[in-house]
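Read-outs: derived from the displayed coordinates by stated rules, not from any lab. The structure presented is a predicted model; accordingly, all values stated were derived computationally and were not measured. Cβ atoms come from the backbone with ideal geometry, glycine included; neighbour counts cover every protein chain shown.
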Amino acid sequence: MPLHDSHNHLQRFSDPDRVVAEMQAAGISGCIVNGTGEDDWESVATLAESHPDFVTPAFGLHPWKAHLRSGSWLATLEAYLDRFPTASIGECGLDGWVAGPSLDIQREVFLPQLALARERRLPVTIHALKAWDPLFDAFAAERPPEKFLLHSFGGSPELVKRLAAAGAFFSFSGHFLHPRKSKVLDAFRQVPADRLLLETDAPDMPPPEEFVAIPLPDGRNHPANLPGIAAGLAAALGMPLARLAETTAANHVRFFGLPAVKGPTPPRG
């Protein structure tokens, strides 16, 4: 049963090699590791080079770090994309929940990343939180690429329809298995089957305890929790787990332009 983590931040773990081994032992076939700024892009690159058959890198400037960028951030981003031909762009986007940086400053780095993704015909992973109108305004100013992913999507069923019509994919994280977040499941019931992905967003967005395979201190989320997240979503959608796994694995490969789905990579050593 192939499972792919379409969005995590493996670079934020102190021992990512051990975490990769634990993911593989849990039956996970691969993952997209998302950079968030100039301070962690090289860590993502190192992981991709250390685990070329398991880690696919993504490089993006996160909206929370928009005000921290250097004058050469865009050129540096392009250099990483040149270095890794299978890389995508992300995580980038707009966030109206944080007090700062402002949406105007976030937009200054989001629009160039949309343009770069479109020009290079690369998929882009988008963070959008309490900023749906600004997101559509950004799309009007800078058309997104053919394929874009709303990661850890927490919007409404109406937004699913509007975004899907524009080409969006949607990834589900275990945080939305908490009962207080049950409305998001209504939205995922509207997601077309060929646009659905799974993610952990680890070490963030932990699922409820009953879906946790490897507990971590301080409420951190282990990416090996993905099988439990998949089981929880399958139950909520009334879909056999094997079918959900096969569907999301095929969508992952198609969205990120990766080789055909294969089984989990045996741990090294």
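List of remarks:
- Cα centroid of the range 212-246 to Cα centroid of the range 58-112, whole Å: 29 Å
- Share of pairwise Cα separations in the range 3-256, more than 29 Å, in percent: 23 percent
- At the listed q of 0.33 Å⁻¹, the Debye profile of the range 154-193, built from one uniform point per Cα, gives log10 I(q)/I(0) equal to -1.18.
- Think of each Lys and Arg Cβ as +1 and each Asp and Glu Cβ as -1; about the Cα centre, that makes the dipole of the range 183-267 roughly 340 debye.
- Sorted by Cβ density within 10 Å, fewest first, the residues Cys92, Cys31: Cys31, Cys92
- In the range 66-179, Rg over Rh equals 0.96, where Rg is the alpha-carbon radius of gyration and Rh the Kirkwood radius from pairwise Cα distances.
- The magnitude of the dipole of the range 86-215, with charges of +1 and -1 set on the Cβ of Lys/Arg and Asp/Glu and taken from the Cα centre, is near 380 debye.
- About the centre of its Cα atoms, the chain shows a dipole size close to 720 debye [charges on the beta carbon of Lys, Arg (+1) and Asp, Glu (-1) only; nearest 20 debye].
- Cross-link partners of Lys65 among lysines, defined as those whose alpha carbon lies under 19 angstrom from its own and excluding same-chain residues fewer than eight positions apart: Lys130.
- A dipole drawn for the chain from +1 and -1 charges on Cβ atoms has a positive end, and of His9, Pro208, Ser72 the residue lying farthest that way is Pro208.
- Cα radius of gyration and Dmax for the range 113-186 (Å): 12.8, 41
- FRET efficiency, Asp137 to Asp17 (Cβ-Cβ, R0 41 Å, nearest 0.05): 0.45
- Separation of the range 1-22 and the range 131-191, taken as the distance between their Cα centroids, equals 24 angstrom.
- In terms of surrounding Cβ atoms within a 10 Å radius of their Cβ, Ser88, Ser173, Ser152, Ser102 rank from fewest to most as Ser102, Ser152, Ser88, Ser173.
- Cα-based radius of gyration of the range 149-269 once divided by 2.2 N^0.38 Å, which approximates compact folds: 1.05
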